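A short worksheet on the structure shown next.
Read the figures in this text as sums done on the coordinates, not as results from a lab. The structure presented is a predicted model; accordingly, all values stated were derived computationally and were not measured. For neighbour counting, all protein chains shown are included, and Cβ atoms are generated from backbone atoms with ideal geometry for every residue, glycine included.
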Amino acid sequence: KYFALLMTPVGECNLYEYYDIAHNCPDKLSLLRSFFGCIANALQYVHSIKIRHRDIKPHNVLVKGDRVLLTDFGIALDWENLSRSTTTADSGKTWVYAAPEVARYEKRNTAADVWSLGCVFMEMVTVLKGEIVAAMRSFFEEQSGNYRFY
C-alpha cells in the first residue's frame, strides 16, 4: 500500500457543503442522485483491498464536477496482514456517523463503515426530498434524545 499527500485542492467542496449547493438546484440534485453508486463502489473497493476507512462522513467525500472522491484515510486500518478486520481498540470517530458497536467500544469490522455510509445516504435522501439535514437531526434528537442515527 502507498501513502500520498495531495497538496493542491482536489475538490470544489465536500459532500456536506454540496448539500446546501444542491438544495435548490435541480441540476445539482440530479447529480447528487448519481453519487450513491459512486460512493458505495469506492467503499467496496477500499474493503476489497482490505482497508477499513473508519471515518465515513460527508466531510470526507470531495465533490469535483460530476465526480466524488473518498478521502481522509488518516485513521484507516490496513488489515491485509491480519486474519480479519475485526478490532476492539478505540480510534478517532465522528459520533454522528459512528455505528452502534463503535460508539459502545465493542468489536467492529467493515460493517461499521457500511453503517456510516448508510448515515451519509440518509442525509443525501433528506436533501433529495427537499429537506435540510439540520432539520432531520433536530427531529431525531426530539424523538429519541439523541443526535446520532441510532
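Computed values, structure above
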| read-out | value |
| --- | --- |
| Kirkwood Rh and Cα Rg combined as Rg/Rh, the chain | 0.97 |
| For Asp66, net neighbour charge (Lys/Arg +1, Asp/Glu -1) across residues whose Cβ lies under 15 Å away | +2 |
| Projected label distance in nm at Tyr105 and Asn41, using a 7 Å step from Cα toward the beta-carbon | 4.0 nm |
| Hz values of 3J(HN,Hα) by residue in the range 111-126 - Karplus curve (6.51, -1.76, 1.60), Gly and Pro given as x | 4, 5, 5, 5, 4, 4, 4, x, 5, 5, 4, 4, 5, 4, 5, 4 |
| In order through the range 63-78: 3J(HN,Hα) via Karplus (6.51 cos²θ - 1.76 cosθ + 1.60), integer Hz, x for Gly, Pro | 10, 9, x, 9, 10, 10, 10, 7, 10, 6, 9, x, 10, 4, 10, 8 |
| Full-extension gain in nm, Arg33 to Ser138, via 0.36 nm per residue minus C-alpha separation | 35.4 nm |
| Using a Förster distance of 22 Å, the FRET efficiency for Val125-Lys64 (Cβ separation, nearest 0.05) | 0.50 |
| R0 of 22 Å, Cβ-Cβ distance Val114-Tyr147: FRET efficiency to nearest 0.05 | 0.60 |
| Length added when fully stretched, Asn24-Trp95, from 0.36 nm per residue minus Cα-Cα | 22.7 nm |
| Over the range 89-150: Rg over Rh, Cα atoms, Kirkwood Rh | 1.01 |
